[in-house]
Amino acid sequence: MDNALIRACNDRVKANESDRLLGDFAMESGVKAKNMLSRLQGRKILIRGNHDLADDDWAEQGWSEVHDALLIEVNQVPLYLHQYPLRDWPGKW
């Protein structure tokens with residue numbers, strides 16, 4: 001299953017692109033998670049979830065950025081990235 005997911009991600013995200021992952025990247029040991037992350041192409045940005053510990057050494061694992069939430073814009077459409085479903089978010093109103 002891990003290999004299939006990694007292959008699917010790499011089919012869409014190229015080495016010069018960014019990939020934003022919405023929390024709970026791996027329910028595995030640090031070594032296995034780091035190995036899986038290293039196999040993904042692109043610049044990896046983590047939006048932390050409830051299983052992503054706050055004291056992890058994110059850069060050592062291979063993450064370019066780590067956020068609790070992130071507001072981005074794609075084709076002039078604002079997107080609020082968060083692991084949890086929200087009723088309200090910045091820019092909704």
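Some observations on this one:
- Between Val77 and Ser64, full extension at 0.36 nm per residue minus the direct alpha carbon distance yields a gain of 2.3 nm.
- For Lys92, a cut-off of 28 angstrom between C-alpha atoms picks up these lysines, skipping any fewer than 8 places away in its own chain: Lys44.
- Computed extension length for Leu53-Met1: 16.3 nm, one decimal, from 0.36 nm per residue of separation with the Cα-Cα distance subtracted.
- In this structure, the amide hydrogen of Leu79, modeled 1.01 Å from its nitrogen in the peptide plane, lies closer than 5 angstrom to those of Ile72, Glu73, Val74, counting only residues at least 5 positions away or on a different chain.
- Between Lys92 and Cys9, the contour length at 0.36 nm per residue exceeds the Cα-Cα span by 27.0 nm.
- Here Val66, Val31 are placed in order of increasing Cβ neighbour count within 10 Å, fewest first, which gives Val31, Val66.
No value in this document is a laboratory result; all are computed from the given coordinates. Given the structure is predicted, the values throughout are model-derived calculations rather than measurements. Neighbour counts run over all protein chains shown; Cβ positions are idealised from the backbone, glycine included.
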